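Participant: First the structure, then my questions, so here it is.
The values are calculated or read from the model by the stated rules, or taken from the named source; none is laboratory data. On a predicted model such as this, the values are computed, not experimentally measured, just so you know. Backbone-built Cβ (ideal geometry, glycine too); neighbour counts: all protein chains shown. For the accessible areas, the whole protein counts, side chains as well, though only heavy atoms, and no ligand, DNA or RNA atoms are used. Shrake-Rupley method; radii C 1.70, N 1.55, O 1.52, S 1.80 Å.
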Amino acid sequence: LTGDRSGLTPEQTAAFRGSGTSHILALSGLHLGMIYLIVSRMLAVIGNTPPARRVRCFVVTAFSGFYTLMTGAGPSIVRAFIFIVINELSRLDPERKGSPIRTLMAALTIQLALRPAVAGNLGFQLSYLAMTGIATLYPSMSSWYPDSGRPGGFHPVRKLWNSTALTVSCQLFTAPLVWIRFRTFPKYFLISNLTALPLTSAVMVLSVVTIALSCAGICPELLILLDDRLVQMLFFLLECVSGM
């Protein structure tokens, strides 16, 4: 949650790298996005009136900014924070339609203007390459699976395809740079990401709840045990994939 890897063994770190899920360890849009989602869901109760939208924009932006600074404000998470700020400001005007490409270019311009030297950072490069894949290739790949036309409901096959399209879009755009820098390519990235990312999301949400309840002194031991078991399951899964 905070980017502190001191508790990881070399074997565990190698399992993340070998399975193609190193981005889980590097603080990025995945982590800030989960925090953003949790805070946004908590604020959903205030409604969607113009004053409510302004309050939500301020609280979400302030909380995301605090998390960004608390975790060291690395290039990847700063990129995610700029995305959130642009997205929240655009939501204040319901008639304004957002564009992933415009958001991407605006964030890139702002971040390079604030700190030009960041262009040489590998995390910065991979972060924007991944987002370029999501903004350009993912919409097309997602549309390859026909919409059932059924309103609402849970469509597991379509959800699986969207997750696959998202993973492939990111990997196709980041793989060349990873190969140039490390001469490696995770062969089973699709398996590991489709299984590890949902598990990671569950771990992050449960960890936030566990920490909050622990600070209040009312966290049940069962919740802590469940969180620990999910983390162990994640390690086991990645070790299996990296050993293939």
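Participant: Cβ contacts < 7 Å: first residue under 14 Å from LEU190 (Cα atoms), restricted to segment 8-22; second residue of a type in the set (A, V, I, L, M) and assigned to a loop (DSSP other than H, G, I, E, B), any location; separation 6+ or different chain. Result?
Facilitator: PHE16/LEU25
Participant: How many residues are under 24 Å from SER127 (Cα atoms) and open to solvent by less than 50 Å² (accessible area, probe 1.4 Å) when one looks only at segment 7-51?
Facilitator: Here the count works out to 26.
Participant: Another question, then. For segment 1-116, which fully contained helices (runs of 4 or more DSSP H) count at least 3 residues that are over 17 Å from the mean Cα position of the chain (by Cα)?
Facilitator: It comes to 10-18, 50-70, 75-91, 100-114.
Participant: Also: If you take the residues of segment 57-88 that are farther than 24 Å from ALA202 by Cα, open to solvent by less than 30 Å² (accessible area, probe 1.4 Å) and of a type outside the set (A, V, I, L, M, F, W, C), which of them is modelled with the highest pLDDT?
Facilitator: PRO75
Participant: Which numbered condition trips up THR210, out of (1) more than 23 Å from MET131 (Cβ to Cβ); (2) surrounded by 17 or more Cβ atoms within 10 Å (Cβ to Cβ); (3) within 19 Å of the chain's Cα centre (by Cα)?
Facilitator: For THR210, the failing item is (3).
Participant: Within segment 90-109, can you find the residues that are under 21 Å from PRO75 (Cα atoms) and touching a helix residue (DSSP H, G or I) at 6+ places or on another chain (Cβ under 9 Å)?
Facilitator: PRO100, ILE101, ARG102, THR103, LEU104, ALA106, ALA107, LEU108
Participant: Only residues in segment 165-194 that are touching a residue at least 12 places away in the same chain (Cβ under 8 Å) and open to solvent by less than 30 Å² (accessible area, probe 1.4 Å) count as the first member; pair them with residues that are outside any helix (DSSP H, G or I) and aliphatic (A, V, I, L, M), Cβ under 6 angstrom, at least 6 apart or cross-chain, and list the lot.
Facilitator: SER169/LEU137
Participant: When you look at ILE134, is it open to solvent by 30 Å² or more (accessible area, probe 1.4 Å) and either of a type in the set (D, E, K, R) or closer than 23 Å to LEU37 by Cα (or both), yes or no?
Facilitator: Spelling it out, ILE134 is indeed open to solvent by 30 Å² or more (accessible area, probe 1.4 Å) and either of a type in the set (D, E, K, R) or closer than 23 Å to LEU37 by Cα (or both).
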